[in-house]
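*Asks:* First the structure, which I've put down as structure tokens, then a few questions once you've had a look.
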């Protein structure tokens, strides 16, 4: 008797028994038990006469088989089609069902199908991968099965109750529970089927007796509870026994049992959850028998490794219960290592040289790497955050675990600083840096500003709390700079250090570190995660320069990211839909694993606004200064594109979006109305969308007012632009020195004396003509030189220069 869930049913046994029935024997004709001899021509043909119930149930069984096959390949359209046929076929069998009851295999399908559809419905990633027809069929079938199963709630609940506790006696017990809920038929029906019922009772009694014997035998063997076999296919396997009665528990026996458990790891059909439970049980047995900390550390290593291997798919993330168990196991392992200095662990320790037994003089030696386990834990935390809806409460709850993750990294950092190698210390330092660099530390920011407005007691309280993030980043990064031998770890540390400086408005430190590192020269050869970190660092550096009022530096830092049109993808904050067709499924999975969790994202609207405002403050004055220059170039193509989009609009209303505000401000600046430009850049909408997101909101607004008002030529002095007289004097002097203004400054009278005026339109056109003619002459000269050599030395006698001077003098 198999102890796994059987796919057969009572109806199938009844079908086989009814198949043995034969028609009455006619005189003069010879019959066998299962065949009927029809004629001499068909002596080899056998015919089985079946009842109407067998035919109906066979039809239902075939449809159920087709539905289960469609479930395996997730063909929802086929499932919906076959389910509708099954409902119609079952309706045709209504008369038989009223007499015999609903067959167990039918109830089994209804329950399994409903569970299967609910599982698919909760799998959001799986639903996204479905095509349109399958997704629509899934929704329709889910509604139909929920409505259809209301008529069989009692039978389905009984089946699920039996399935929960046992799978061996499933058909028999389910049939008994079901029969309690079936109303008896009429007296005539019981009288006509009395003989069939007696036969059926005998079969059930014999089956129950065999099942009870199998249960008693399993209890004697100590195999515990039955296991649920997924997929409906029974797998023949044996559960590992822990220890026989009377076995002496020692280190050798436990290690042997541990190896037996690990041998099944990775094999097809191995229950990973059962393996983890066995390893936990083995650890408890080791503790109960006081076998020492060495064997316990080895078991803990394997428990954590088994938790990581629970999901065979690398893209899958750990469930909540497994994640909590993993954190607890790592904490317990670190407790053991901190409390026992005589335990040495390492990857270079061979298994045959391990020392797990208790000895008075020799320390424990265990093969394993605690750093690898913690790094994998950190990666699992990232995958959990990547696969959680960022706008749900679940994301906030999962993010709270980061404190515990950082605590484990800090504990490991303290352990490896005393017992680890330099390479291991650099690796764990980088893990700590990656959890610190993107967080704004208000304590460090106040300290950088000189702790303004704080009393001495508040300063002492902050110092007693420990180091702030600036000290931590400086200490960890400098250690990596000095000790690390790999370029990747050093590069990541430098980028994180620059990002942290820029985030806290330490512009000069961030800029100098970026220039000294020379990362711009070879960053294209780095791996994609490092390139994403570089892009994030450059963006943060540009935003920092903007906050400091260094508009040109901000524009240069953000130019490459914004001009590409793929800022979202380059920063690792999502994939562009227009590029999805260029990737296959495997590439898409790889790129999704590179995405930055939502709590580390940089606001893309803020980024674009900073870039457009910087471009506006550079482009509009340049356009005004080179209005008649034929060789005028564009500083920002994206800014000009936004201007053209705004000009093409047939109806101009008040600006709504961020881009519309910047375009309206640009038009006002171009017309010389700096007050209107300021009102478009700084208002309630822009404050809520952009400027209030900065840590120093008021300072940023004041900087923008100062920069916008100083973009004009201050020849109208301080009355129009509300600038102080020294500021006006400084700007005019700078323009005169740079030869931007052909004038002189008369300080006693506080006036500007203009030396010449700008050329007229006709003069500008004449100059352009002269330059084009000069280019034409040069081209002709090159052509003659290539074809005929020097043309008599005619063009070497200064003809070209005289011609150009003649044109200029005529103007």
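*Asks:* How high is the FRET efficiency between residue 486 and residue 687 when r is their beta carbon distance and R₀ equals 45 Å, given to the nearest 0.05?
*Replies:* The formula returns an efficiency of 0.50 here.
*Asks:* Test of understanding: extend the Cα→C-beta vector of residue 265 to 7 Å, then name every residue of segment 286-308 with backbone N under 18 Å from that spot.
*Replies:* 286, 294-308
*Asks:* Now a separate question. Principal axis extents for segment 293-433, Cα atoms only, whole Å, descending order, please.
*Replies:* Cα spread of segment 293-433 along its principal axes, largest to smallest: 57, 29, 22 Å.
*Asks:* For residue 696 and residue 552 in one chain, what is 0.36 nm times their gap in residues minus the Cα-Cα distance, to one decimal in nm?
*Replies:* Result: 49.8 nm gained on full extension.
*Asks:* Applying 1/(1 + (r/R0)^6) with R0 = 35 Å to the Cβ-Cβ distance of residue 69 and residue 402, what FRET efficiency is obtained, to the nearest 0.05?
*Replies:* Once rounded, the FRET efficiency stands at 0.20.
*Asks:* State the extension gain, in nm to one decimal, for the chain segment bounded by residue 122 and residue 62, taking 0.36 nm per residue of separation less the distance between their alpha-carbons. Present the calculation step by step, with values, prior to reporting the outcome.
*Replies:* Numbers: separation 60, 0.36 × 60 = 21.60 nm, distance 2.89 nm.
Gain on stretching residue 122 to residue 62: 18.7 nm.
*Asks:* Kindly provide the Kirkwood hydrodynamic radius of segment 281-334 in Å, to one decimal, from all pairs of distinct alpha carbon atoms.
*Replies:* 12.0
*Asks:* From zero outward in steps of 5 Å, how is the percent of C-alpha pairs of segment 77-118 spread across the bins?
*Replies:* Values per bin, smallest distances first: 5, 20, 26, 26, 14, 7, 1.
*Asks:* Order by neighbour count: 601, 640, 504, fewest other Cβ atoms within 10 Å first, most last. Provide the component values of the computation, followed by the final result.
*Replies:* Values: 601 17, 640 14, 504 24.
Arranged by neighbour count, lowest to highest, 601, 640, 504 become 640, 601, 504.
*Asks:* Given a Förster distance of 45 angstrom, what is the FRET efficiency for residue 765 paired with residue 509, based on the Cβ-Cβ distance and rounded to 0.05? Walk me through the numbers on the way to the answer.
*Replies:* Details: r = 51 Å, r/R0 = 1.14.
My answer for the efficiency is 0.30.
*Asks:* Let me ask something additional. What would the Debye formula give as log10 I(q)/I(0) at q = 0.11, 0.13, 0.17, 0.23 Å⁻¹ for the alpha-carbon point model of segment 251-372, no solvent?
*Replies:* For the requested q values the scattering log ratios are -0.37, -0.52, -0.90, -1.54.
*Asks:* Need the full-extension length gain, residue 151 to residue 419, defined as separation in residues times 0.36 nm minus the C-alpha distance. One decimal, nm.
*Replies:* Gain in length upon complete extension: 89.8 nm.
*Asks:* What is the fewest-to-most order of 668, 392, 517 by other Cβ atoms lying within 10 Å of their Cβ?
*Replies:* 392, 517, 668
*Asks:* Hey, any idea what Rg/Rh is for segment 619-678, computing Rh the Kirkwood way over Cα pairs?
*Replies:* We get a ratio of 0.98 for segment 619-678.
*Asks:* Something else: Using Cα pairs under 8 angstrom and six or more residues apart, how large is the relative contact order of segment 456-571, in percent?
*Replies:* Values: 91 pairs, mean separation 24.5, N = 116.
21 percent.
*Asks:* Continuing with the same structure: Whole number please: convex hull volume per residue, Cα atoms of segment 604-712, in Å³. Let's see the in-between values first.
*Replies:* Numbers: hull volume 11.3 nm³, N = 109.
Residue-normalised Cα hull volume stands at 104 Å³.
*Asks:* Then there's this: How do 611, 152 rank when sorted from fewest to most other Cβ atoms within 10 Å of their own Cβ?
*Replies:* 152, 611
Every number in this text was worked out from the coordinates using simple rules, so none of it is lab data. Because the structure is a prediction, the values reported are computed rather than measured. All Cβ positions, glycine included, derive from the backbone under ideal geometry; neighbour counts span all protein chains shown.
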